1. Counting just the residues of segment 167-189 that are out of contact with any strand residue (DSSP E or B) (no Cβ under 8 Å at 6 or more places or on another chain) and in a loop (DSSP other than H, G, I, E, B), which one comes out farthest from the ligand (Cβ to nearest atom)?
2. Which of the residues belonging to segment 249-274 are touching a helix residue (DSSP H, G or I) at 6+ places or on another chain (Cβ under 6 Å) and closer than 11 Å to PHE108 by Cβ?
3. Do you know which residues across segment 31-67 are within 16 Å of the ligand (Cβ to nearest atom) and of a type in the set (S, T, N, Q)?
4. Residue under question is ILE224, and the condition is that it be at pLDDT 95 or above, crowded, with 23+ Cβ neighbours inside 10 Å and aliphatic (A, V, I, L, M); does it hold?
5. Which count do you get for residues in segment 198-220 that are among the small types (Gly, Ala, Ser) and not in a helix (DSSP H, G or I)?
6. In segment 34-41, is there at least one residue being farther than 30 Å from ARG218 by Cβ and without any contact (Cβ under 8 Å) to a residue 60 or more places away in the chain?
7. Any chance segment 190-197 includes a residue that's at negative phi, exposed (fewer than 15 other Cβ atoms within 10 Å of the Cβ), assigned to a loop (DSSP other than H, G, I, E, B) and away from the ligand (no atom under 14 Å from the Cβ)?
8. If I filter segment 252-268 for residues that are in a helix (DSSP H, G or I), out of contact with any Lys or Arg (no Cβ under 6 Å at 6 or more places or on another chain) and in contact (Cβ under 8 Å) with a residue 60 or more places away in the chain, do I get at least one hit?
Amino acid sequence: MTIRLPAELVAAGLAPPEKLADLARVAQRYAVALTPEIAALVDRADPHDPIARQFVPDVAELTTTPDERADPIGDDAHSPVAGIVHRYPDRVLLKLVNVCAVYCRFCFRREMVGPGRQMLSADQLDAALGYVAGHPEVWEVILTGGDPLVLSARRLGAVIARIAAVAQVKIIRLHTRLPVVAPDRITPSLVRALKAPGKTTYVALHANHPRELTQQVRSACARIVDAGIPMVSQSVLLRGVNDDAGTLTQLMRAFVECRIKPYYLHHADLAPGTAHFRTTIAEGQALMRALRGRVSGLAQPAYVLDIPGGYGKVPAGPGYIDMCGDAGALVEDINGVKREYP
Ligand code: SF4
């Protein structure tokens, strides 16, 4: 059974009884859910366990800093109709559902996701798909949320078929945490529902720590990749979870071993009550430098930052080249030594 209540967290040994009142205050404000697989992954003997940190509520979430905001990446500013975010010319987000199988404590859409916030209504979905059909520049539709894979195979397949019927849409991408948090729900029928004849489906998997990629999770991902669906990863750089080069190396290598190409390492967004998770950008850049020197190119994600206010995502990784006008350039090697380039 999914754990949703503070008392259930205590009963499962995921929090001490003296924290019950604090947990209740946090749970009143933000949704809580841990699947059995995630609860089983928590090392109860470790007070700093990186899995617990991602899913077990913390009283620090009740502190909102002045820079934090309900809509940190500015979805609302680019939402022409309910469920659609059209921020970049050639792609739209389609937010089908506002529920997830788990609720991550650092979620950038934490003000918008939670139980009771269900999927788009039939009329809203018609309007959203009408918007896609009416915009010939839309080459890619990205299903996000919430977690679109929480839908049944039948419902998800029906939506994907409708998207696929739009001639200009060539790519359908789904962002999900489900293969990690409920791997048994990646059934053959759900995998079949992701595909549409003549279109290319990508699945972007959200995971932040190498321990999340258990054998069952790897098998779930293999079911997707074996069906001919390429996978990419997305992770969030989180203090106390993966903010060291060794953990990031293991995480990125685990993705590659699963045939998942590391794609994004997000700088943590300014979501309310998440300051305890955020690193500085300089720390993120130093970690990327460490990875660049020691890990295969296949295992390099792009470190990206969403500019608050809806201005989009930009690469935030370290620079290696100083242009020197007519004198050429200075290029920094992986050991930090500047080399001349004519
Ligand atoms: S699964 Fe994604 S949308 Fe859902 S709570 Fe976690 S980060 Fe947020």
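The values are calculated or read from the model by the stated rules, or taken from the named source; none is laboratory data. Every value quoted in this text rests on a predicted model; they were computed, and no experiment measured them. Here the Cβ is made from the backbone with ideal geometry for all residues, glycine too, and neighbour counts use every protein chain on show.
1. Once the filter is applied, the top-ranked residue is ALA167.
2. HIS267, ALA268
3. Within segment 31-67, THR35, GLN54 meet the criteria.
4. So ILE224 passes the test.
5. Number of matching residues: 3.
6. Checked segment 34-41: no residue is farther than 30 Å from ARG218 by Cβ and without any contact (Cβ under 8 Å) to a residue 60 or more places away in the chain.
7. Checked segment 190-197: at least one residue is at negative phi, exposed (fewer than 15 other Cβ atoms within 10 Å of the Cβ), assigned to a loop (DSSP other than H, G, I, E, B) and away from the ligand (no atom under 14 Å from the Cβ).
8. No, segment 252-268 has no match at all.
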